[in-house]
Amino acid sequence: MTKKEKRQLKEAIANEEYIDQNNELIFKKLIFNPLLRAGGLLILLIFSLINNERIKRLASLTSNAFFNSEHILGHRTYYTILGITIGLCFVVSLLSLIAKSNINLSSIKILRNAYQIYSIYDLVIFIFSTFVCLFFIIMILITPCNISGVSMHNTYEDGDRVLLWNIGYHPVDGDVIVFDSSRYAPITNQQLYDWETKKLHTDYTSSSTERESKFYIKRIVAKEKDQIHYDLETHNLYVNDEFVENITIFEMSRILYSLQLELNVTNFEVPKDKVLVFGDNRGNSTDSRAFGFIDESEIIGKVLFRFYPFTKIGNPSPDLNR
């Protein structure tokens, strides 16, 4: 800074009008800026609470993908930081309003202190609000997910990390999806027997509603309005006249049972909002052959691509292991 610039700055600081104007500007920022941010974060909080169950699921997936733990970045962490940020905004705004009405705005010391407070507040709130907004966007739009198990071998391996697309997804045959399996316990032979003898009249999923959420990754082999055909002689399963897999009569019975169809049905159309899923590792996968069709509403998202390990980044082609 030149001597002339320094002299001009000293003259400006000595001018009470200059100090008043800048103090007024700083305090307006300290009063109204936090209120605007708090308002936006309150909208985010309301939307999150409305979608609380989905937030819990996606936060769990996100945390597990980054830290191999469902709790470090879980929904409690998200809501805690969101609440703290909103609270800080209101506190700063209220204290600034009280201070403004009880101090001398023509003091250069007040100007310096107010500017320092504003700088600290702006940095802290920016970090907190950026975290909650980014975390929310990650959970709602593109969610990281950690693959556990070998049901998708050789396409995806245990320990792979993938990104899921969540918004506006509609099932497409061949898509790899992640869904909540907590409602889908394997159907037992006793259940099939009871159904066949007409002793059971309740939905098989009702007995497993208290199970802990566990996320499965599988491939869609049939969706709503697809035509299913099962050949009793060859035991081949066809979807829209295309061969899918050779499955046993008991596995086919479980698929029929999940739709409450007679166990001797060999041709039918997939009903609304139902999806049939198989693992690519057909010999070692707990999928629709064990628990039947799943509800479309249980789908968390479609796998977009693998981002870890870094040597395998991309979207691999199906590699079925029969």
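The values are calculated or read from the model by the stated rules, or taken from the named source; none is laboratory data. Just so you know, these numbers come straight off a predicted model, no measurement behind them. All Cβ positions, glycine included, derive from the backbone under ideal geometry; neighbour counts span all protein chains shown. Accessible surface is based on the protein model in full, side chains and every heavy atom, while ligands, DNA and RNA are left aside. Shrake-Rupley method; radii C 1.70, N 1.55, O 1.52, S 1.80 Å.
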Worksheet item: Can you give the angle from 0 to 90° between the axis of helix 16-50 and the longest principal axis of the chain, with both taken from C-alpha atoms, to the nearest 10?
Response: 10 degrees
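Where a ≥ b ≥ c are the square roots of the eigenvalues of the C-alpha gyration tensor, would you call the chain rounded, which needs a/c under 1.5, or, failing that, prolate if a/b is larger than b/c, or oblate?
Verdict is prolate for the chain.
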Fill in: Gaussian network model of the chain, Cα within-10 Å springs - most flexible of N281, N22, N166
N22
Item to complete: Give the accessible surface of the chain per residue, rounded to a whole number of Å², with probe radius 1.4 Å and ligands, DNA and RNA excluded.
Response: 54 Å²
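Rounded, prolate or oblate: pick one for segment 29-77, where a ≥ b ≥ c are the square roots of the eigenvalues of its C-alpha gyration tensor, a/c under 1.5 means rounded, and failing that, prolate if a/b is larger than b/c, else oblate.
oblate
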Response to the item:
Evaluated at 37 °C and 0.692 mPa s, the Stokes-Einstein D of segment 20-153 based on the Kirkwood radius over Cα pairs, in µm²/s, stands at 196 µm²/s
Discussion item. If I take R0 = 41 Å and measure r between the Cβ atoms of Y308 and S107 in this structure, what FRET efficiency does the formula 1/(1 + (r/R0)^6) give, to the nearest 0.05?
Written reply: 0.15
Worksheet item: For the chain, which whole-number percentage of the solvent-accessible area (1.4 Å probe, protein heavy atoms only) is attributable to carbon and sulfur atoms?
Response: 58 percent
Item to complete: Give me the angle, in degrees from 0 to 90, between the Cα long axis of helix 75-100 and the longest principal axis of the Cα atoms of the chain, rounded to the nearest 10.
Response: 20 degrees
Practice prompt. Please go through the residue pairs K4/K109; K56/K274; K225/K312; K272/K302; K4/K100; K198/K274 and name each one whose alpha carbons sit more than 26 Å apart in this structure.
Written response: K225/K312; K4/K100
Practice prompt. Have a look at segment 73-145 and give its Rg and Dmax from the Cα atoms, expressed in angstrom.
Written response: 16.7, 56
